[in-house]
């Protein structure tokens, strides 16, 4: 089961007693997001519906992705199972499986992939007479934030060269009632489309921003998809039904029929404006930088629209749940590229990309470094600042085991190395140059003579299995 729209999901949360409705007036300036953050801090992680945000005519909802149970409900399955489904599509048929059987299975899986263009969003929508972002409870999350920021948008662009669509999630600082910043980093799809538009000297580029859709499509906007799969197709493939989309009124773009609010407008590639500071997921304020400006031509709302928001800031927030879902979902796909990988942990304490621990089935010298460089060349894993490779006997999700391996299986002179002059995440503040820095690799695997280790590697302590079973059998008689 997946959800048709945001309203159906909110109703589901209410029936599961996982939704708190706040009727008291709450200020979107710092107060609303702090309430969401406190709900996470105390461990309840319930979604919260704010019926009466101060200064707004539209209600807000947050913590939509705040637990693993919610993520599974949104996806209709566990993230890992979905990853295995996608992996199966990419594999050649098993010798015992006919090509016809494999083809039928593939058609069943990808049947929902291509979005379906429908005539209109129906009669329950309104085209506003005036563009006014002040209608919405757009939040300021941290005291030094330069202004209110839209934090959960689906930003839709099209590549002018080949027509490919991109749906990204980029924060948007509100400058006034009609314009916002567009914080897409140079590595992202939206920035690539803008650069292509600039090179063609085709003038302003159409952009559509959807605020609220079904939660699976919202999640798809943050999934690290390869270029040949657009986010609407991914949403349909996971849901096993085609996502219905409608053509824009003033933009040559399509967006989900089940939208709550749509901002149609444009970006002029030649125009930038200072954006920030902004309290980011790194735990620091990202500082002022020049970014493109989004101009809104038209706003369209559905009846009883709801504004979705999320907290961006210090751990732990719901972005951890989303990040770990992505990790589990894409592990099977990573293993198709690097088959010796057993498991991977993008560590939330390190803001995911700052430290990645990966376990491997080691067979030959230098294999740990080979895996590191393979991951640094794989999609958004290129942003991984530190990669630690351990043996398959280490549980990468057990911090004690990882630290034990990192400190008892390395000789720093030989097993720790720095790769200078590499791409970094735009939010990597220690990098001396924006978007350009270095990587650290730690080979915490056991070494052998083929890697220049001329001593005997000691055995790991393990109790005799026969003793373990004998003690287990008499445990109840020991009075323990």
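The values are calculated or read from the model by the stated rules, or taken from the named source; none is laboratory data. As the structure is a computational prediction, the values presented were derived from the model and not from experiment. Neighbour counts are summed over all protein chains in view; Cβ atoms, including those assigned to glycine, are modelled from backbone coordinates with ideal geometry.
To keep it simple, each residue is scored yes or no on (1) loosely packed, with under 15 Cβ neighbours inside 10 Å; (2) more than 30 Å from residue 286 (Cα to Cα); (3) in contact with a helix residue (DSSP H, G or I) (Cβ under 8 Å, 6 or more places away or on another chain).
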residue	(1), (2), (3)
384	no, no, yes
394	no, yes, yes
400	yes, yes, no
421	yes, no, no
444	no, yes, yes
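Determine if region 312-319 includes at least one residue that is in contact with a helix residue (DSSP H, G or I) (Cβ under 8 Å, 6 or more places away or on another chain) and assigned to a helix (DSSP H, G or I).
The answer is yes; a qualifying residue exists.
For region 116-124, does any single residue satisfy the condition of being surrounded by 15 or more Cβ atoms within 10 Å (Cβ to Cβ), assigned to a loop (DSSP other than H, G, I, E, B) and touching a strand residue (DSSP E or B) at 6+ places or on another chain (Cβ under 7 Å)?
yes
Would you call residue 207 within 11 Å of residue 292 (Cβ to Cβ) and either in contact with a strand residue (DSSP E or B) (Cβ under 9 Å, 6 or more places away or on another chain) or not assigned by TED's automatic domain parsing to the domain that holds residue 257 (or both)?
Yes, satisfied.
Of 206, 176, which residue is part of a strand (DSSP E or B) and more than 20 Å from the chain's Cα centre (by Cα)?
Unique residue meeting the criteria: 206.
Yes/no per residue for (1) closer than 30 Å to residue 214 by Cα; (2) modelled with pLDDT under 95; (3) touching a helix residue (DSSP H, G or I) at 6+ places or on another chain (Cβ under 6 Å); (4) buried (at least 21 other Cβ atoms within 10 Å of the Cβ):
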site	(1), (2), (3), (4)
305	yes, no, no, yes
308	yes, no, no, yes
335	yes, no, no, no
340	no, no, no, no
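Under the condition of being within 23 Å of residue 61 (Cα to Cα) and touching a helix residue (DSSP H, G or I) at 6+ places or on another chain (Cβ under 6 Å), which residue from region 171-188 is surrounded by the fewest Cβ atoms within 10 Å (Cβ to Cβ)?
Per the criteria, the residue is 177.
Is it true that some residue in region 360-368 is within 22 Å of residue 424 (Cα to Cα) and at pLDDT 95 or above?
Yes, region 360-368 has at least one match.
Name the residue, out of 338, 312, 293, 262, that is under 23 Å from the mean Cα position of the chain (by Cα) and touching a residue at least 60 places away in the same chain (Cβ under 8 Å).
Criteria check complete, one pass: 312.
Given the conditions (1) under 29 Å from residue 339 (Cα atoms); (2) surrounded by 15 or more Cβ atoms within 10 Å (Cβ to Cβ), which single one is not true for residue 431?
With (1) under 29 Å from residue 339 (Cα atoms); (2) surrounded by 15 or more Cβ atoms within 10 Å (Cβ to Cβ) applied to residue 431, the lone miss is (1).
List the strands (runs of 3 or more DSSP E) inside region 226-279, counting only whole elements, that have at least 1 residues being farther than 22 Å from residue 125 by Cβ.
Passing ranges, in order: 261-275.
Mind checking which residues of region 38-63 are crowded, with 16+ Cβ neighbours inside 10 Å and more than 27 Å from residue 177 (Cα to Cα)?
Hits for region 38-63 are 39, 40, 45, 46, 47.
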